Amino acid sequence: MLSRKELQRYSRQVMLPQVGEEGQEKLASARIMIVGLGGLGSPAALYLAAAGIGELHLVDGDQIDLSNLQRQVLYKTNHQGKSKSQVAAQQLTAANPNVRIHAHFQMADEAWLRNHVGQVDLVLDCTDNLAIRHQINRICCELERPVVMASVQGFSGQLISFDFSQGKSPCYACLFPPREQEDIQNCSTVGVIGPILGIVGSAQALEAMKILLGLPVSSLNQLYVIEGESLSMSALKLNKSEICPVCSQSELTESCNK
Ligand SMILES: [Zn+2]
């Protein structure tokens, strides 16, 4: 049951037929993990906190650098040198004190994810690291948690979601099979225009809310490519790979990683 204050705070989304009081209660009982509190995680976390998600787990082992401020809109100039997850927690609590926020000052690795992803209802992959993306994919598949993934380079971004709580879902490894050298690839030295992160990170928050509300989710098993230079968007339907080392193996063994 929503309080009068909550009804007032969320009135502009509660009045939507797709949300309503029942939908708002679903959001209030939801737990989301955001892995990576950089350019994508900043807008995603701000919108999810503002929307009244019950619990947010913020995972990032980085400290705020001067060069982050061009695009990572959670952070201000006086935050340099501080922990991203801890500053993000403070900023989001100020935005909406109703949200329970857990700051995890650490890099997500497979063992950590396996211990923590089971405690949330949905994961947002906002990392810039392909190796971690594959680990998130593997663990979400294993623990049957929906995940919304995104990445950005230059002026363009990509977005795709998987709902592993529904049987027979394809996965990220069906699209991009893991490679040996994946751990040396990341986007930390690639140029990026700030607002494309706002567009794609906000889209991640939108897709997460739609999954939680039980609404149709266009990015489910469908890769969206958003081009900032031409302001255009295209979509590519993803089919499950029968030889996928992650999700097809899981059907044989009933677990993704055995
Ligand atoms: Zn797969």
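The values are calculated or read from the model by the stated rules, or taken from the named source; none is laboratory data. Quick caveat: nothing in here was measured; it's all calculated off a predicted structure. Heads up, the Cβs are rebuilt from the backbone with ideal geometry, glycines too, and the neighbour counts pull from every protein chain shown. In case anyone asks, the SASA skips ligands and DNA or RNA and just uses the protein heavy atoms, side chains included. Shrake-Rupley method; radii C 1.70, N 1.55, O 1.52, S 1.80 Å.
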Enumerate the whole-percent occupancy of each 5 Å bin, from 0 to the last occupied one, for all C-alpha pair distances of region 1-145. 2, 10, 19, 21, 18, 14, 10, 6, 1, 0
Hits among lysines - C-alpha to C-alpha of Lys84 under 22 Å, sequence gap 8 or more where chains match: Lys76
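Give me the percent relative contact order of region 1-100, please, defined on Cα pairs under 8 angstrom at least 6 residues apart. Write out the running numbers ahead of the final one.
On the way: 133 pairs, mean separation 25.7, N = 100.
This gives 26 percent for region 1-100.
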Largest-first principal axis extents of the Cα set of region 101-203 (Å): 35, 34, 24
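Would you kindly calculate the translational diffusion coefficient of region 4-253, applying Stokes-Einstein with the Kirkwood radius from alpha carbon pairs, for 20 °C and a viscosity of 1.002 mPa s, and quote it in µm² s⁻¹ without decimals?
Calculated translational D: 117 µm²/s.
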Out of Glu142, Glu21, Glu242, a Gaussian network model of the chain with alpha-carbon springs under 10 Å gives the largest mean-square fluctuation to Glu242
Express as a percent, rounded to the nearest 5, the fraction of DSSP beta bridges in the chain (both residues included) that run antiparallel. 50 percent
For region 10-115, run through the trypsin sites (Lys or Arg not before Pro) and keep only the ones in DSSP coil with at most 12 other Cβ atoms within 10 Å of their Cβ. Lys76
Among Ile139, Ser232, Leu215 - extreme Cα towards positive end, dipole of the chain, charges at beta-carbon: Leu215
Where only protein heavy atoms count, and the probe is 1.4 Å, what is the accessible area per residue for region 4-253 in Å²? 47 Å²
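Counting only protein heavy atoms, what percent of the accessible surface of the chain is carbon or sulfur at a 1.4 Å probe?
Of all accessible area on the chain, carbon and sulfur atoms account for 51 percent.
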